[in-house]
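Enquirer: Would you mind keeping the following structure in view while I ask a few things?
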Amino acid sequence: MPPIRVRSREAFERASRVLPGGVNSPARAFGAVGGQPLFIARGDGPYLYDVDGNQYLDYIGSWGPLILGHAHPRVVKAVEETVRRGASFGAPCELETQLAELIISALPSVEMVRMTSSGTEASMSAIRLARGFTHRDFIVKFAGCYHGHVDSLLVQAGSSATTLGVPNSPGVPHGCTADTIVLPYNDVDGLTETFQAHGQEIACVIVEPIAGNMGLVPPTPEFLTALSELTESNGALLIYDEVMTGFRVAFGGAQQLYHQSPDLTVLGKILGGGFPVGAFGGREDVMKQVMPAGPVFQAGTLSGNPVAMAAGVATLQELRDHPPYVKLDELSKRLTDGLHRLADAAGVPHQVQRVGSMWTFFFNPDPVTDYDSAKKCDTTRFGRFFWEMMDRGIYLPCSQFEAAFNSILHAEKHIDQTLAAAKEAFASL
Ligand code: PMP
């Protein structure tokens with residue numbers, strides 16, 4: 001018997017009268033899997049509870065930020081103590097410096113940081129900075145990578161842009177994307193040819209060093225090498241968008257895992273511990289071009305908000321003091337190995353791809369290496385699997401093209417519960 005979801009249904013009807021599509025961000029509307037979203041009443045550790053009182057094991061973690069699970073005591077304490085002293089000052093506070101110092105200690109390529117209130121703002125500002133620093137206009141991005149809803153980057157973007165089949169949103173003028181070159185992910189030849197043709201006009205290359213927005217797609221070592229060599233030899237900046245991977249696949253993100261040193265890094269998600277925070281940072285000579293140190297404009301009323309900074313500081317300190325990454329990797333592997341075994345036994349064609357605690361189960365018989373191969377997935381089958389799991393209390397990302405995330409609280413018993421549910425779900429397909 002699927003759980004009763006009467007109150008969620010009522011809440012969605014009410015929301016749909018005042019919020020477009022009933023939500024404030026499209027991926028939440030469950031459009032890609034058919035059906036209606038659950039309305040969440042609270043989160044506790046690895047669990048979500050909907051307004052009907054049903055419990056779900058949460059593999060979204062607010063789309064990445066909640067590596068410590070919901071309402072982690074250290075984060076809650078820091079937020080409570082901070083907000084009592086006032087929510088926002090519009091003046092500098094020491095927590096901003098503290099969070100910046102933590103970022104810099106984690107990512108050796110980052111020498112200075114600017115805080116924002118979202119990942120979108122951070123990538124938008126990093127692009128402006130790269131153009132201002134190099135005095136060039138062209139930018140290179142990769143199909144299937146998502147860097148937020150920045151006009152110039154909303155070309156063949158992944159995430160909900162993929163899901164909804166609107167790679168180019170209405171409202172983005174041609175002029176905004178005219179200087180954006182889009183290449184296939186992991187395509188060394190395409191990148192090399194582009195630099196041969198336009199090398200001296202390219203301000204920057206922005207990349208998800210592990211793609212999470214077309215489902216989980218790891219980079220090839222050759223791709224990472226080509227990115228750093230071609231940008232360096234052509235005087236372009238390399239921007240790693242580590243909004244998803246930062247503090248997730250290692251404390252120092254994908255750049256630590258793969259021993260890379262980009263010029264600029266974009267951060268978000270875990271950085272804010274569940275609060276609205278983004279940041280971009282990198283080489284001191286580049287960052288010193290940001291206003292008021294330099295001429296490149298960037299600002300924000302709530303940037304460096306004390307409550308959000310406190311949540312970020314508490315989260316990063318917890319990750320630094322008790323590094324969870326080996327255990328996270330082990331338990332995530334136990335899960336994806338199990339899914340692979342069960343799907344094989346049930347005769348379900350699939351690929352499971354994972355880096356650390358980020359993973360995707362693709363309904364695709366062949367490896368997914370770029371946006372074209374991702375689009376070959378059986379999304380109808382994914383939708384059926386999604387609801388079979390949901391009805392068994394397992395809350396997975398509501399799109400084939402989103403990564404799932406384990407938290408430090410997803411223990412063996414939770415993994416085994418998930419595998420038991422998956423066994424039944426595969427059988428029912
Ligand atoms: N970059 C990446 C890699 C992301 O995954 C996201 C959001 N999923 C963003 C940027 C945008 O961040 P935000 O939603 O906070 O604006």
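Enquirer: Does Val76 meet the test of being open to solvent by 40 Å² or more (accessible area, probe 1.4 Å), without any contact (Cβ under 8 Å) to a residue 12 or more places away in the chain and of a type in the set (A, V, I, L, M, F, W, C)?
Expert: Yes.
Enquirer: Could I ask something else about it? Can you find a residue that is open to solvent by 40 Å² or more (accessible area, probe 1.4 Å) and within 13 Å of the ligand (Cβ to nearest atom) anywhere in the range 264-272? Write out each step before concluding.
Expert: Looking only at the range 264-272, we keep the residues that are open to solvent by 40 Å² or more (accessible area, probe 1.4 Å), and these are 269.
Then drop every residue that is not within 13 Å of the ligand (Cβ to nearest atom), which leaves 269.
Yes, that holds for at least one residue.
Enquirer: Taking the range 239-252, which residues are more than 11 Å from the ligand (Cβ to nearest atom) and surrounded by 24 or more Cβ atoms within 10 Å (Cβ to Cβ)? Talk me through it step by step, then tell me what you get.
Expert: We begin by selecting, within the range 239-252, every residue more than 11 Å from the ligand (Cβ to nearest atom); these are 247, 249-252.
Those that are more than 11 Å from the ligand (Cβ to nearest atom) and surrounded by 24 or more Cβ atoms within 10 Å (Cβ to Cβ): Phe247, Val249.
Enquirer: Of all residues in the range 17-36 being within 30 Å of Cys377 (Cα to Cα) and part of a helix (DSSP H, G or I), which is least open to solvent (accessible area, probe 1.4 Å)?
Expert: Of the range 17-36, the ones within 30 Å of Cys377 (Cα to Cα) are 20-36.
Filter once more, keeping what is part of a helix (DSSP H, G or I): 20-22, 26-29.
Values: Pro20: 114, Gly21: 49, Gly22: 4, Pro26: 67, Ala27: 24, Arg28: 120, Ala29: 24 Å².
So the residue we want is Gly22.
Enquirer: Give me the helices (runs of 4 or more DSSP H) completely within the range 64-147, filtered to those with at least 1 residues that are under 20 Å from Val286 (Cβ atoms) and at pLDDT 95 or above, ordered by residue number.
Expert: On the way: elements: 73-83, 94-106, 119-134.
Answer list for the range 64-147: 94-106, 119-134.
Enquirer: Touching a residue at least 12 places away in the same chain (Cβ under 8 Å), surrounded by fewer than 22 Cβ atoms within 10 Å (Cβ to Cβ) and within 16 Å of the ligand (Cβ to nearest atom): which single residue out of Ile60, Ile104, Ile67 fits that description? It would help to see each step written out before you state the result.
Expert: Numbers: Ile104 fails: within 16 Å of the ligand (Cβ to nearest atom); Ile67 fails: surrounded by fewer than 22 Cβ atoms within 10 Å (Cβ to Cβ).
Of the residues listed, the single one that is touching a residue at least 12 places away in the same chain (Cβ under 8 Å), surrounded by fewer than 22 Cβ atoms within 10 Å (Cβ to Cβ) and within 16 Å of the ligand (Cβ to nearest atom) is Ile60.
Enquirer: Would you confirm, using the coordinates I've provided, whether Arg7 is without any contact (Cβ under 8 Å) to a residue 24 or more places away in the chain and either of a type in the set (D, E, K, R) or surrounded by 19 or more Cβ atoms within 10 Å (Cβ to Cβ) (or both)? Lay out the reasoning, then the answer.
Expert: Values: without any contact (Cβ under 8 Å) to a residue 24 or more places away in the chain: no; either of a type in the set (D, E, K, R) or surrounded by 19 or more Cβ atoms within 10 Å (Cβ to Cβ) (or both): yes.
It is false that Arg7 is without any contact (Cβ under 8 Å) to a residue 24 or more places away in the chain and either of a type in the set (D, E, K, R) or surrounded by 19 or more Cβ atoms within 10 Å (Cβ to Cβ) (or both).
Enquirer: Also, I was wondering about something else. Answer yes or no as to whether Glu96 is more than 16 Å from the ligand (Cβ to nearest atom) and farther than 16 Å from Leu237 by Cβ. If you could, list the steps in order and put the result at the bottom.
Expert: Numbers: more than 16 Å from the ligand (Cβ to nearest atom): yes; farther than 16 Å from Leu237 by Cβ: yes.
Yes.
Enquirer: If you don't mind, another one. Could you identify the single residue in Thr360, Thr315, Thr369 that is hydroxyl-bearing (Ser, Thr, Tyr), at pLDDT 95 or above and open to solvent by 10 Å² or more (accessible area, probe 1.4 Å)?
Expert: Working: Thr360 fails: open to solvent by 10 Å² or more (accessible area, probe 1.4 Å); Thr315 fails: open to solvent by 10 Å² or more (accessible area, probe 1.4 Å).
Of the residues listed, the single one that is hydroxyl-bearing (Ser, Thr, Tyr), at pLDDT 95 or above and open to solvent by 10 Å² or more (accessible area, probe 1.4 Å) is Thr369.
Enquirer: Can you tell me which residue is farthest from Ile210 (Cα to Cα) among those in the range 37-57 that are of a type in the set (Ser, Thr, Tyr) and surrounded by fewer than 18 Cβ atoms within 10 Å (Cβ to Cβ)?
Expert: Restricting attention to the range 37-57, the residues satisfying the condition of being of a type in the set (Ser, Thr, Tyr) are 47, 49, 56.
Those still in the list that are surrounded by fewer than 18 Cβ atoms within 10 Å (Cβ to Cβ) too: 47, 49.
Values: Tyr47: 26, Tyr49: 31 Å.
Only one residue tops the list, namely Tyr49.
Enquirer: Looking only at the range 28-56, which residues are within 17 Å of Leu66 (Cα to Cα) and within 16 Å of the ligand (Cβ to nearest atom)? So that I can check it myself, show each step before the final result.
Expert: From the range 28-56, those within 17 Å of Leu66 (Cα to Cα) are 28, 40-49, 56; that's our starting set.
Answer for the range 28-56, where residues must be within 17 Å of Leu66 (Cα to Cα) and within 16 Å of the ligand (Cβ to nearest atom): just Arg28.
Enquirer: Name the pairs whose Cβ atoms lie under 6 Å apart, with the first residue in the range 235-259 and farther than 16 Å from Pro108 by Cβ, the second aromatic (Phe, Trp, Tyr) and open to solvent by less than 10 Å² (accessible area, probe 1.4 Å), and 6 or more positions between them or separate chains?
Expert: none
Enquirer: Every residue in the range 186-227 that is under 21 Å from Arg283 (Cβ atoms), open to solvent by less than 40 Å² (accessible area, probe 1.4 Å) and in a helix (DSSP H, G or I), please.
Expert: Phe195, Gly199, Leu224, Ala226, Leu227
Enquirer: Another question about this same structure. Residues to consider are Val290, Val286; find the one that is within 17 Å of Val205 (Cβ to Cβ), more than 16 Å from the ligand (Cβ to nearest atom) and either within 19 Å of the chain's Cα centre (by Cα) or among the aliphatic types (A, V, I, L, M) (or both).
Expert: On the way: Val290 fails: within 17 Å of Val205 (Cβ to Cβ).
It is Val286.
The values are calculated or read from the model by the stated rules, or taken from the named source; none is laboratory data. The structure displayed is predicted, hence computed values, not measured ones. Cβ: placed from backbone, ideal geometry, glycine included. Neighbour counts: every protein chain shown. Heavy atoms of the whole protein, side chains included, go into the accessibility calculation; ligands, DNA and RNA do not. Shrake-Rupley method; radii C 1.70, N 1.55, O 1.52, S 1.80 Å.
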